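What follows is a short report on a single structure.
None of the figures in this text is laboratory data; all of them are computed from the coordinates on show. Bear in mind the structure is a predicted one, so any value in this text is a computation, not a measurement. Neighbour counts are summed over all protein chains in view; Cβ atoms, including those assigned to glycine, are modelled from backbone coordinates with ideal geometry.
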Amino acid sequence: HPSVLGPYAGAPLAHETLLILDPLLGPVASNLTDPAALERRAGHRVLDMGADEFTVGRAHPMLDPTARVEAIREAARRTDLAVLLLDVVLGRGAAIDPAGDLADAIRAARAEARGRGQDLAGVGTVGGTAEDPQGLSAQVATLEAAGAWVLPSNAQAARAAACIAGGDVAIDSLLGGP
């Protein structure tokens, strides 16, 4: 079965994604609900990369993308992976170029999947405004240049990911709600 991986920068959007994906795709492993379930290699996974187990000895992923980049690189080897579901958070206290920090990993993961004759979609959202220091439109453009489909809200991105992975999603829900 095609699966979704969401290595999120923090808990709020990761939790929202779990609430959306679970009824559409079935069980989703997450460190938010059952860290032991993450021992599985396959299946849907949503990670709060800002949790203690990922931040010991390093900065939060809003500042240091290393753990997220590593998660994307590791996931690229998964033959069941259909969707990388990502959030980029802008504002003061966030990285200078958070989309740029992830763009090379997204490109490399998609290229690795193509090399196996598979598709790997990048789907995400950018949380911020045009007034944020990183620039909303520049961050969206960076993700799109890396091959990601950027949607206006995390909820829409999660529903789109479920649709790509074969979930029971009405196409109207991709565009209709927040």
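Listing for the model above:
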quantity	calculated
Radius ratio Rg over Rh of the chain, counting only Cα atoms, Kirkwood formula for Rh	0.93
Directionally averaged shadow of the stretch 67-163, computed from the convex hull of its alpha-carbon atoms, nm²	5.8
Point-to-point label distance, residue 1-residue 141, nm (Cα→Cβ direction, 7 Å offset)	4.0
Percent breakdown of C-alpha pair distances by 10 Å bin, ordered from the shortest bin, for the stretch 14-112	14, 46, 36, 4
Amide hydrogen neighbours beyond the local backbone of residue 81, cut-off 5 Å, H modeled	3
